[in-house]
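Q: Below: one structure in structure tokens.
The values are calculated or read from the model by the stated rules, or taken from the named source; none is laboratory data. Nothing here was measured: the structure is a model prediction, and the numbers come from that model. Cβ coordinates were reconstructed from backbone atoms using ideal geometry, including for glycine residues, and neighbour counts include every protein chain displayed. These accessible areas exclude ligands, DNA and RNA; they are computed on the full protein's heavy atoms, side chains included. Shrake-Rupley method; radii C 1.70, N 1.55, O 1.52, S 1.80 Å.
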Amino acid sequence: MRVFTHALWFSAAALVACQGDDHGLGVCGNAVPEAHVGEGCDRGDENADDGACTLECQSARCGDGLVHAGVELCDDGDDNRDEGPCTPLCAPPSCGDGILQEPELCDDGEANKPVADGLGGCSVQCVPLPRCGDGIVHPEFEECDDGNLINTDDCSNTCLLPACGDGIQQPGEACDDGNDDDTDNCTNACEYPTCGDGILWAGKEECEDGNKDNHDGCLNICIKNTCGDGVLWPDVEECDDGNLIDDDGCNAECFRDRLVFVTEDIYAIKQFGNLDVTDLFCAQAALKAGLPNPMRFWAWTSDGVDSPSQRFEHTAGRYVLVTGDVIAYGWDDLTDGELLHPIDRTADGTFLHEVAVWTGTKPDGTSFPDGHCDGWSTPSDEKVHNGANDLTDEGWTDYVGEFSITCGHALHLYCFEARL
């Protein structure tokens, strides 16, 4: 008996010890998560199959076969399927869940688009949205849609009709650089730039006038027409001999030499009548000598109204005798009161010295108010303003000498190539 009693006492003590130490045994529902016995959670009395921690002390998850209230709409455990009735997301199938189920044609989940933008994708109704390349023309987004990936046919891969400047070289286009710069290596007409197309090719052409006229301000190689290039620019250049030598008949400014001579014949006032007749005598003398363009030769005469200053072109070219001797370097030099050489040669080069010349003209090329025989029309005893052809000072056109010349005399004429 004594031994039995002792055994009963020991068993009761052991039972009390066991009941007070449930950590070692692991009890689900004691509100103490015990991972060593496989508990994922333990919320005590709050454990529930529809809660965050199940009655088996496991954290609720989609696929555990238990519906977590407020989190899951359904949970068929291992039977969750994309086609439902409960998806792997623990919800009934729906558009926008990212799972393609009939009758959906697409489902991009949160990327489903509420409004079409022409870039394709899936609508919030799970219907494919318009996109370039689907073979259907959607006018609000596309100009064309041929459903292929050929970029150089009648519809580009961006569903735009071919156009110069789209950056795609189409048949019939020499180039296409995709910009609207008309002055680079490809024009806005999708042609390579060429001289004469009217478009200045930046960095390549000096000028561009859009024509094939080589005698204007821009040559046919699109270089500016300049003096010395050998190409005459009418109305700007009088000559262009291809060099910049001043004393070869065409100077470095492309003004040519103009011939000057004194007439071999003498003329009386009764032969004139007006300035036009004096000019005619110069033209006749030039023609007789075989000079080119004789009608360009006019007389250095004034009538009180008109004068060489008004009638002659004011050239920057040289005035020379037919022998090549320089009378003056241009109009300004001619009218400064002093010549470089006397006008002592006739149209054919004959030397003629110390003869009197009808002028009526001041050294600056303007008219004296009198001394011109009433406009070269009236022979009389009136004294005239005449020149002496052996002089280079102002006396070459306004000579005051020992003898007085009157309108009853017969004198020579100075003839200038006045115009071109």
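Q: Could you tell me which label, among [x] 38, 34, 19; [y] 32, 28, 20; [z] 123, 26, 17, carries the value of semi-axes √(5λ) of the Cα gyration tensor in Å calculated for this structure?
A: It is the value labelled [z].
Q: Moving to a separate point now. Tell me, what is the per residue accessible area of the range 57-173 in Å², probe radius 1.4 Å?
A: For the range 57-173, the per-residue accessible area is 59 Å².
Q: Keeping all protein chains in place, calculate the accessible area per residue for the range 320-420 (probe 1.4 angstrom), answer in Å².
A: So the range 320-420 comes to 43 Å² accessible per residue, rounded to a whole number.
Q: When the accessible area of the range 146-219 is computed with all protein chains present and a 1.4 Å probe, what percentage of it is carbon and sulfur?
A: Solvent-exposed carbon and sulfur of the range 146-219 make up 53 percent of the total.
Q: When the helix-only estimate is applied to the chain (DSSP H runs of n ≥ 4, each -39,500 (n - 2.57), divided by the residue count), what is the mean residue ellipticity at 222 nm, nearest 500 deg cm²/dmol? Show your work: numbers first, answer last.
A: Values: 5 runs with 46 residues, N = 420.
One gets -3000 deg cm²/dmol as the mean residue ellipticity at 222 nm.
Q: What's the angle, to the nearest 10 degrees (0 to 90), between helix 2-20's Cα axis and the longest principal axis of the chain?
A: 20 degrees
Q: Straight-line reach from K212: which lysines have a Cα under 27 Å away, not including same-chain ones fewer than 8 places off?
A: Excluding near neighbours in sequence, the set is K204, K224.
Q: At 1.4 Å probe radius, can you tell me the per residue accessible area of the range 215-267 in Å²?
A: Working: 2610 Å² over 53 residues.
Accessible area per residue: 49 Å².
Q: Name the lysines eligible as straight-distance cross-link partners of K362: C-alpha to C-alpha under 22 Å, and not fewer than 8 places from it in the same chain.
A: K383
Q: Of all the accessible heavy-atom surface of the range 14-139, with the other protein chains kept in place and a 1.4 Å probe, what percent is carbon and sulfur?
A: Solvent-exposed carbon and sulfur of the range 14-139 make up 55 percent of the total.
Q: So what is the relative contact order of the range 316-420, in percent, for Cα pairs below 8 Å that sit 6 or more residues apart?
A: 24 percent
Q: Near K288, which aspartates and glutamates are there with a Cα under 12 Å away, not counting those fewer than 8 places off in the same chain?
A: Partners found: E264, D265, D348.
Q: Ok, one more. Can you give me the C-alpha center-to-center distance between the range 266-303 and the range 114-177, rounded to a whole angstrom?
A: Taking the Cα centre of each part, the range 266-303 and the range 114-177 sit 81 Å apart.
Q: Let me ask another. Given the whole protein assembly as supplied and a 1.4 Å probe, what does the accessible area of L105 come to in Å², nearest 10?
A: 120 Å²
Q: Suppose R0 equals 60 Å. What FRET efficiency, 1/(1 + (r/R0)^6) with r the Cβ-Cβ distance, do D248 and A189 give to the nearest 0.05?
A: It comes to 0.85.
Q: Pop out the carbon and sulfur fraction of the accessible area of the range 300-420 as a percent, whole number, probe 1.4 Å.
A: With neighbouring chains kept in place, the figure for the range 300-420 is 46 percent.
Q: Got the relative contact order for the chain handy, in percent, Cα pairs under 8 Å and 6 or more residues apart?
A: Worked out over the chain, it gives 8 percent.
Q: If contacts are Cα pairs under 8 angstrom and at least 6 residues apart, what is the relative contact order of the range 208-254 in percent?
A: 26 percent
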